[in-house]
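Encoded as structure tokens, the structure appears first; notes follow it.
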Amino acid sequence: MQGYNVLMIFNRNLDHILLCKRLKNPYKGLSNLVGGKIELGESGTEAAYRELLEETSISKDNITLHHLMDFKYYLQQIYIEVYTGRLKCDVEVSGDENELYWSDLNQDFFDMTLFAGEGNIGHMVEQVKMNQSIFLTDETLPA
């Protein structure tokens with residue numbers, strides 16, 4: 001089974017999530033979370049931090065990622081590890097793969113005409129909202 005990761009990155013104030021506008025298929029033109037392939041011999045966490053740096057320029061120093069959930073797709077022989085985190089400080093994001101932008105959380109992330117993933121983004125955002133104190137707390141943040 002091939003592994004992939006999806007990264008739910010929140011700004012410091014927890015009121016915006018980092019999304020990308022897909023420039024190619026699948027989901028061309030739709031908004032999506034950043035992420036990528038887990039390489040052979042790489043742990044899921046290592047891959048998550050690598051993909052985050054490659055796609056957004058956000059380094060491990062700027063965020064602590066928490067493993068939120070996994071999805072397994074047996075027919076396609078893939079699994080997806082979902083990570084979430086909140087920035088420790090304001091960071092300028094940049095990447096070459098897709099157009100990056102910060103979205104407020106007052107969106108219908110289940111709207112499949114706007115967002116990739118057949119409603120999964122909506123499900124993941126709701127899980128983070130329900131468990132915000134567990135997944136997005138970082139004691140190293142200044143008060």
query: Which cross-chain or sequence-distant (5 or more) residues have an amide H under 5 Å from the amide H of I63, H modelled 1.01 Å from N in plane?
result: K88
field: Rg/Rg_ref, the chain, where Rg_ref = 2.2 N^0.38 Å and atoms are Cα
entry: 0.99
- prompt: Helix-derived [θ] at 222 nm for the chain: sum -39500 (n - 2.57) over DSSP H runs of at least 4, divide by residue count, nearest 500?
  reply: -5500 deg cm²/dmol
query: Each residue of the range 14-29 in order: what ³J(HN,Hα) in whole Hz does its phi give by Karplus 6.51 cos²θ - 1.76 cosθ + 1.60, θ = phi - 60°, with x for Gly and Pro?
result: 6, 10, 9, 10, 7, 10, 10, 8, 5, 9, 9, 6, x, 6, 3, x
- request: Select from Y101, V125, G85 the residue farthest towards the positive end of the dipole of the chain; place +1 on Cβ of Lys and Arg, -1 on Cβ of Asp and Glu, and compute about the Cα centre.
  value: V125
- prompt: How large is the dipole of the range 36-143 about the Cα centre if only Lys and Arg carry +1 and Asp and Glu carry -1, each at its Cβ, rounded to the nearest 20 debye?
  reply: 380 debye
task: Please give every one of the aspartates and glutamates within straight-line cross-link reach of K129, meaning a C-alpha to C-alpha distance under 15 Å, and leave out same-chain neighbours fewer than 8 residues apart.
output: D15, D104, D108
- prompt: In straight Cα distance, which lysines are under 20 Å from K72, not counting same-chain residues fewer than 8 positions off?
  reply: K37
- request: Rank-order 12-23, 34-45 by packing density, defined as the average count of other C-beta atoms within 10 Å over each peptide's residues, highest first.
  value: 12-23, 34-45
query: Over the range 2-135, what relative contact order in percent results from Cα pairs under 8 Å that are six or more residues apart?
result: 31 percent
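The numbers here are math on the coordinates, done by the rules we state, and not lab data. Computed from a predicted structure; not experimentally measured. For neighbour counting, all protein chains shown are included, and Cβ atoms are generated from backbone atoms with ideal geometry for every residue, glycine included.
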